[in-house]
Amino acid sequence: MTGTEPAPVAETGNEDLATLEPGQVPNAAVPAQPERSGAQRVLREILTGNLLLSVLAVLVSLVVGAVLIAVTSSQVLAAAGYFFARPADTFSAIGSSVGGAYASLFRGGVYDYTATDLLGGLPPLLNSLDFATPLIAAGLGIAIGFRAGLFNIGGQGQILIGGAVAGWLGFALHLPFGLHLVVALLGGLIGGAVWAGVVGVLKARTGAHEVIVTIMLNYVAIYLLDYLLHTPVLQAPGSNNPKSPAELPTAVLPDLFGTPVNLGFLLAIVAVLASAYLLNRSSLGFKLRAVGENPPAARTAGIDVRRIVVLAMVISGVLVGLAGAYQVLGQTTSGFTNDFDAGIGFNAITVALLGRSRPWGVFWAGILFGVFTNGGYTMQAANAIDLNVVSVVQSLIVLFIAAPPLVRAIFRLPAPGAPRRQRKAAA
Amino acid sequence: MKLELRGITKRFGPLVANDRIDLVVEPGEILCLLGENGAGKSTLMNVLYGLHRPDGGEILLDDAVQHFSGPGDAMRAGIGMVHQHFMLVPVFTVAENVMLGHEATRFGGRLDLAAARAKVKEISDRFGFDVDPDARIEDLPVGVQQRVEIIKALSRDARVLVFDEPTAVLTPQETDELMAIMRQLKSAGTAIVFITHKLREVREVADRITVIRLGRVVGEASPTATNAELASLMVGRSVELTVEKAPPTLGADALVVEDLSVHDANGAALVDSVSFTVKAGEILAIAGVQGNGQTELTEAILGLQSGVSGRILLDGQPLTGRSVKGVLAAGAGFVPEDRQHDGLVPEFTIAENLMLDRSDGPPFVKGGTVQTADLNAFAEQQLAEFDIRAQGITTRVGRLSGGNQQKVVLARELSRDLRLFVAAQPTRGLDVGSIEFVHERIVATRDAGIPVLVISTELDEVVALADRIAVMYRGRIVGIVPADTPRDVLGLLMAGETAPAVAA
């Protein structure tokens, strides 16, 4: 956050003003980047948000979630009926319903403290990692798009296509153990890359907006898959359901040490490391970030902006395709329908935002969302709280992250930078 | 209505955009506000229109002191503004645009379009504007769109009308029509402030002329003054920027531009058959008022423009048809005129910005990986050499002052093996110290035997740096003259007088 950074040396204090000429109006009338679209400004705001803001957003969302749990709890409603007679009852009901809900969220998602031995409490966390794996992979894909200034809303379609390719290779080919898995995984990555790469090419060649194209390609993917699941190409032989055959054992991601976590989680970590290298150390990542931050300057510096746009979409698609492959080769290997994306394409956007589009940020955000998803089931079962409360909390996190001024207002954080105040004064 | 400005002062931080400016405009009078770009005309008018609060002085209408907290107040007080860039909604009709912002409604919140239509018709008839209230803005020619802006102002009973560079977007014929309209408004008793830097127009309609330079009123003139008198007032002689430089050691022809034209998507010539040569070890400065094709010319040389015809040769090798990367690889160094927009990535660190145009290969990239240690060492060295005042090489460039930002650009460009150096508006918005530094560097580059092309709208800078001066007007080079050409002659060239007329 700009506000907490070391104060600039005297020389740099007046950056906005010192660039003004006589007669030139300050930023109110002449923004530094005049043609930067609203979407890009939102993106900038999100990407420059800080860790504190992300944590606070999660916190506020949990508080709002608590209110939701309280007002929908039958226990609380009953006690509220005689609130003026015995108000303490209402408060204790609120306490027990909210406390109970979040306790079971923790028990189901992180650590089962009711287990008799130390290791026995771990399975919830391991299961959460299982849920987190595709979120991390797809979140990385979306994040790399963000860093290049691209809104990839097509995670759903890329997961479906990547997953379907991986799944088809997984049940249709007969290859030795090891090779089969590699082929199926590569197929998934390529499937995602092609589905996203089309968008990059369209944007680079024709200027088509990636948001619209990716959303439309989601529908194409859903219905294409639906069609194929009704044909012998994907449909399990002898079945009337639009469902594929089960994956062959040679193509399934093996579990690690007999835990619910499989090889996919390691692949996700590899993807995090690779993305971190790409963005922070590689020449390609440098150009990608330059294009994302300031396309005109990138172009003036001789960077082929259109090529970078296509590459960024392809890389984004590869990572999202990994999530798709994981869904059919790791998550549910008994055959897939056309909804195996399980909303990951969209949750990945949230994960990327919460992780501020940094690889390790995405990693931790993905794990948090894995915990939410996994713990949510326990919460629903143990406390009769609708699973949707968890979805609401997740959505609120995005809302608060997308509206940093709101969070700043709640916690009375300073607005970033003096120039902003200057702008207000000028307007 | 009589408009009076008394001692208006407006500061932006350390910068004084308007310094105790006094102005009086009587009803039925056209006052021309003449001055170069950046002289402070627009700031003054934004103060008048309530967009900026002045730091000192007062605005009086009919001798009553006004306090505007926004354009709404100014409009209600009877001030209308015709902006250079029209504030119209292209898909709305004329009547809809005119009513926008103070829509009259009938029962149930229905828009009273008929009233707006009648109003447009009435004003249009009164001044012979010939504007159809039901025409869509986007279908109208620019000149007519401007009339809609005037109608908009008049429909709010504006008694003081400000025209901010109104002719910049008009054809000569439309300009003549606008002049006629201004005379009509004047005879109807409107007080008019006409902002421009075009001498001919000034002399045609003005009753009085006030010249502004560097935020101050530097003189008054009558419309009978000669172009030379006006130009010398406008360009000024007071501030002399001196750059110590020895006579050039000229080499062979290095940059040869032949018959270069740039056309926009509509086929209009932005750069029109321009030819010039820059020798090795020479600074050719291109002077001219902003927007006369300089930007497009530099972008064409760098390979950033489409619609380019003609030839550009650097040391005998053609640059035309090359990608930007190809032009840079041929040894071109470029300081873009808008450093924040085209020259730097503000969110990147100083080190990252220093490798921006060398992100593909040695010295900073090997095997696709950025050599952070090499880059950091290089950045530290440049920080010292170019005296970039920052906490360190990881400081984000967006947090630097304009002068230090420009030093980052210069450090990046001048640290490559150059065969050509193109600097567009190299000192725009910089403080005096930084200007001096930038000028020294440019001269040092010349002395290293590199052909240098400097594009500047600042005549002081042009005169200080140039070995020869080319003046651009409306996409053409109207003359290439020696560096010791008198300033008023240059001023006339910049105002579009052709070379022979100047000589006469």
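Each value in this text was obtained by applying a stated rule to the coordinates, not by laboratory testing. The model shown is predicted, which means the values in this text are computed figures rather than measured ones. All Cβ positions, glycine included, derive from the backbone under ideal geometry; neighbour counts span all protein chains shown.
Which one, B:Thr167, B:Leu233, B:His52, is farthest towards the positive end of the dipole of the stretch B:3-235 when Lys and Arg carry +1 and Asp and Glu -1 on their Cβ? Selected residue: B:His52.
For the stretch B:377-504, the fraction of C-alpha pairs more than 17 angstrom apart is 62%.
Counting charges near B:Val193 (Lys, Arg +1; Asp, Glu -1) among other residues having Cβ under 13 Å from its Cβ returns a value of -1. Rounded to whole numbers, the Karplus 3J(HN,Hα) couplings from phi for the stretch A:353-362 are 5, 4, x, 6, 6, 9, x, 6, x, 5 Hz, using 6.51 cos²θ - 1.76 cosθ + 1.60 with θ = phi - 60°, and x at Gly and Pro.
The modelled label-to-label distance for the pair A:Ile410/B:Arg53, using points 7 Å beyond Cα in the direction of Cβ, is 3.2 nm.
Taking the Cα centre of the protein assembly as shown as origin and charging only Cβ (+1 Lys, Arg; -1 Asp, Glu), how large is the dipole, in debye to the nearest 20? Walk me through the numbers before you get to the answer.
Numbers: 73 positive and 88 negative charges, 331 e Å.
Around 1580 debye, computed over the protein assembly as shown.
Using Cβ counts within 10 Å as a stand-in for footprinting exposure, how do B:Leu414, B:Leu33 rank, fewest first? Before the final figure, lay out the partial values.
Values: B:Leu414 20, B:Leu33 28.
The order, fewest Cβ neighbours first, is B:Leu414, B:Leu33.
Could you work out the relative contact order of the stretch A:134-357, using alpha carbon pairs under 8 angstrom and six or more residues apart, expressed as a whole percent? Reported relative contact order: 45 percent.
Relative contact order for the stretch B:291-350: 24 percent, from Cα pairs under 8 Å spaced at least 6 residues apart, divided by residue count.
Using the Cβ atoms and a cut-off under 12 Å, what net charge is assigned to the surroundings of A:Arg358, where Lys and Arg are +1 and Asp and Glu are -1? Around A:Arg358, the charge tally is +3. Using alpha carbons only, what's the Rg to Rh ratio of the protein assembly as shown with Rh from Kirkwood? Across the protein assembly as shown, the Cα-based Rg/Rh ratio is 1.04. Put a plus charge on the Cβ of each Lys and Arg, a minus charge on the Cβ of each Asp and Glu, and nothing anywhere else: the dipole of the stretch B:3-235 about its Cα centre is then about 400 debye. Proximity of backbone amide H atoms, modeled 1.01 Å from N, is registered between B:Ala483 and B:Ile469 at under 5 Å, excluding neighbours fewer than 5 places apart on the same chain. Along each principal axis, taking the top coordinate minus the bottom one, the Cα set of the stretch B:272-393 gives 47, 34, 29 Å in descending order. Contact order for chain B, expressed relative to its length and based on alpha carbon pairs under 8 Å spaced 6+ residues apart, stands at 15 percent.
Compactness ratio for the stretch A:282-420: Cα radius of gyration over 2.2 N^0.38 Å (N = residue count) comes to 1.34.
About its Cα centre, chain B has a charge dipole of approximately 620 debye under the convention of +1 per Lys or Arg Cβ and -1 per Asp or Glu Cβ, with nothing else charged.
Using square roots of five times the C-alpha gyration tensor eigenvalues, list the equivalent-ellipsoid semi-axes of the stretch A:264-350 in whole Å, biggest first.
Numbers: eigenvalues 199, 41, 18 Å².
Sorted largest first and rounded, they come to 32, 14, 10 Å.
Local charge for B:Met1 was computed over the other residues whose Cβ lies under 12 Å away, with Lys and Arg +1 and Asp and Glu -1, and equals -4.
For the stretch B:186-225, the convex hull spanned by the alpha carbon atoms encloses 80 Å³ per residue. Relative to the 2.2 N^0.38 Å rule of thumb, the stretch A:134-357 has a C-alpha radius of gyration ratio of 1.01.
Coupling constants for the stretch A:166-179 follow from the phi torsions by the Karplus curve (6.51 cos²θ - 1.76 cosθ + 1.60, θ = phi - 60°), and in residue order they are 4, x, 5, 4, x, 9, 8, 8, 10, 10, x, 3, x, 4 Hz; glycine and proline get x.
So what's the stretch A:162-272 giving for Cα Rg divided by 2.2 N^0.38 Å, two decimals?
Against the compact-globule rule of thumb, the ratio is 1.25.
Here, the stretch B:3-235 is characterised by an Rg to Rh ratio of 0.98, where Rg is the alpha-carbon radius of gyration and Rh the Kirkwood radius. Taking the convex hull of the alpha carbon positions in the stretch B:203-285 and averaging its projected area over all directions gives 9.7 nm².
Working from label points 7 Å from Cα in the Cα-to-Cβ sense, the B:Ala115 to A:Asp117 distance is 8.6 nm.
Over the stretch B:157-206, the Kirkwood radius and the radius of gyration, each from Cα atoms, give a ratio Rg/Rh of 0.94. The P(r) of the stretch A:317-392 has a tail past 13 Å containing 72 percent of all C-alpha pairs.
What is the order of B:Glu385, B:Glu96, B:Glu204, fewest Cβ neighbours within 10 Å to most? List each step's numbers first, then the result.
Details: B:Glu385 12, B:Glu96 21, B:Glu204 16.
Lowest to highest Cβ neighbour count: B:Glu385, B:Glu204, B:Glu96.
Legend: Rg and Dmax of chain B, from Cα coordinates, 25.3, 80 Å. Counting only aspartates and glutamates at least 8 places from B:Lys121 when in the same chain, those with an alpha carbon closer than 17 Å to its own are B:Glu96, B:Glu103, B:Asp112, B:Asp130, B:Asp132, B:Asp134, B:Glu149, B:Asp157. From the alpha carbon centroid of the stretch B:345-416 to that of the stretch A:215-291 is 39 Å.
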